[in-house]
Amino acid sequence: MLDLNVKKHQYQAFPYHLVDPSPWPILVSFSLLSLMLGAVMYFHGFSYGGYLLNLGFTLTAFSMLLWFRDIITEATYLGHHTVEVQKGLSIGIVLFIISEVFAFLSVFWAFFHSSLSPAVEIGGSWPPMGITPLDPFAIPLLNTILLLSSGAFVTYGHHALIQGDRKGAILGTLLTIIFAVVFTALQYYEYSEAAFTITDSVYGTVFYASTGLHGLHVIVGTIFILVGFIRLVNYHLTDTHHQGHEAGILYWHFVDVVWLFLFIAVYYWGGN
């Protein structure tokens, strides 16, 4: 007697994937809640805020990897990602990136609202009196070079994959991951050496809100690319079957573009 789940997948009369119940959405929700609460507590000096922040980050990364594992199984081993499903996933990643554009738009709105017409409460100047901004031609410029180079390498790896060049695809993706990790490490060092905190006037708030939000996206994008790299090494991806990796690459280019705006507006123009 056939198992009902197997029978359902074998004889369904439509090309769409009926997703089985999954614990990962609710786990990701609570992980992100812990991450957000921990970040707020840490920035405001509350006890154990850093522990909650690290816990939230660890849980978020862990639940993302487990969710990715299930999707990889559905796509690569079970064959649930038909042409119609792939179209839906493509639309989904585009809509997701559009929502991210508006998230950064709100942060830039707060930055320009405060910097273009500084209030008297902060001395009528930007940066406010007492704030020593970071040198845009030090770590920020180096990070710009790293991030743009990573975008070039991930594009090289993508084109190599399409052309059947496995070694080139692996090399380009690996270099992207290395540059992304170095970028995150340098941003952490920059934060630790900065002469102001998120509570130092509106300048500190919008600076850390914008660059920190971008840094979080870099970490998420690094996980995306890392999963694609692991799948490349394990022969999961081909020149015609690599939609998940392609979505991660598209997300990474979005991260690159946002950083250019951050470097020009927040670091260079906003720091002078």
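Read-outs: derived from the displayed coordinates by stated rules, not from any lab. Bear in mind that the values here come from a model prediction, so they are computed numbers and not experimental data. Note: ideal-geometry Cβ built from the backbone for every residue, glycine included; neighbour counts use all protein chains shown.
Round to the nearest 10 and give me the degree value, 0 to 90, for the angle of helix 201-233's Cα axis relative to the longest principal axis of the chain.
So the inclination is approximately 20 degrees.
Provide the per-residue ³J(HN,Hα) series for segment 50-58, in order, calculated from phi with Karplus coefficients 6.51, -1.76, 1.60 and θ = phi - 60°, each as a whole number of Hz, with x at glycine and proline positions.
Each residue of segment 50-58 in turn: x, 5, 5, 5, 5, 5, x, 5, 4 Hz.
Would you mind checking the tilt of helix 24-43 against the longest principal axis of the Cα atoms of the chain, expressed as 0 to 90 degrees and rounded to 10?
Relative to the chain, helix 24-43 is tipped by roughly 10 degrees.
Give me D for segment 50-125 in µm² s⁻¹, whole number, from Stokes-Einstein with Rh from the Kirkwood sum over alpha-carbon pairs, 20 °C and 1.002 mPa s.
Details: Rh = 16.6 Å.
Estimated diffusion coefficient is 129 µm²/s.
Sort 43-56, 147-160 by packing, meaning the average of other beta carbons within 10 Å per residue, with the highest value first. Spell out each step's value before the answer.
Numbers: 43-56: 14.2, 147-160: 19.6.
Put in order of decreasing packing, that is 147-160, 43-56.
Looking only at Cα atoms, what is the convex hull volume of segment 5-88 per residue, in Å³?
95 Å³
Taking the dipole about the Cα centre of the chain, with the C-beta of Lys and Arg at +1 and of Asp and Glu at -1, give me whichever of SER99, GLY88, VAL19 is farthest to the positive side.
Of the options given, the answer is VAL19.
What is the ratio of the Cα radius of gyration of segment 1-151 to 2.2 N^0.38 Å, where N is its residue count, to two decimals?
Details: Rg = 23.1 Å, N = 151, 2.2 N^0.38 = 14.8 Å.
With N residues counted in segment 1-151, Rg over 2.2 N^0.38 Å equals 1.56.
Report ³J(HN,Hα) in whole Hz for each residue of segment 160-177, in order, from the Karplus equation J = 6.51 cos²θ - 1.76 cosθ + 1.60 where θ = phi - 60°; Gly and Pro get x.
Whole-Hz 3J(HN,Hα) from phi for segment 160-177: 5, 5, 4, 8, x, 8, 5, 4, x, 5, 5, 5, x, 5, 5, 5, 4, 5.
Above 21 angstrom, tally the Cα pairs of segment 127-272 and express them as a % of all pairs, no decimals. Let's see the in-between values first.
Details: 4736 of 10585 pairs.
Percentage above 21 Å: 45.
For segment 116-192, report the convex hull volume of the alpha-carbon atoms normalised per residue, in Å³, without decimals.
Details: hull volume 8.0 nm³, N = 77.
Roughly 104 Å³ of hull volume per residue.
Just the number, please: Stokes-Einstein D of the chain in µm²/s, Kirkwood Rh from C-alpha pairs, 4 °C, 1.567 mPa s. Walk me through the numbers before you get to the answer.
On the way: Rh = 20.7 Å.
The calculation lands on 62 µm²/s.
Just from its helices, what would the mean residue ellipticity at 222 nm be for the chain, if runs of 4 or more DSSP H residues each count -39500 (n - 2.57) and the sum is divided by every residue, rounded to the nearest 500 deg cm²/dmol?
On the way: 8 runs with 190 residues, N = 272.
Per the formula, -24500 deg cm²/dmol.
Compute the relative contact order of segment 22-80 as a whole-number percentage, counting only Cα pairs closer than 8 Å that sit 6 or more residues apart in sequence. Intermediate values should be presented prior to the final figure.
Numbers: 55 pairs, mean separation 19.5, N = 59.
So the answer I get is 33 percent.
In degrees between 0 and 90, to the nearest 10, how far off the longest principal axis of the chain does helix 243-262 point, with axes built from Cα atoms?
10 degrees
Compute a Gaussian network model of the chain, connecting alpha carbons closer than 10 Å, and tell me which residue from LEU186, LEU18, LEU37 fluctuates the most.
LEU18
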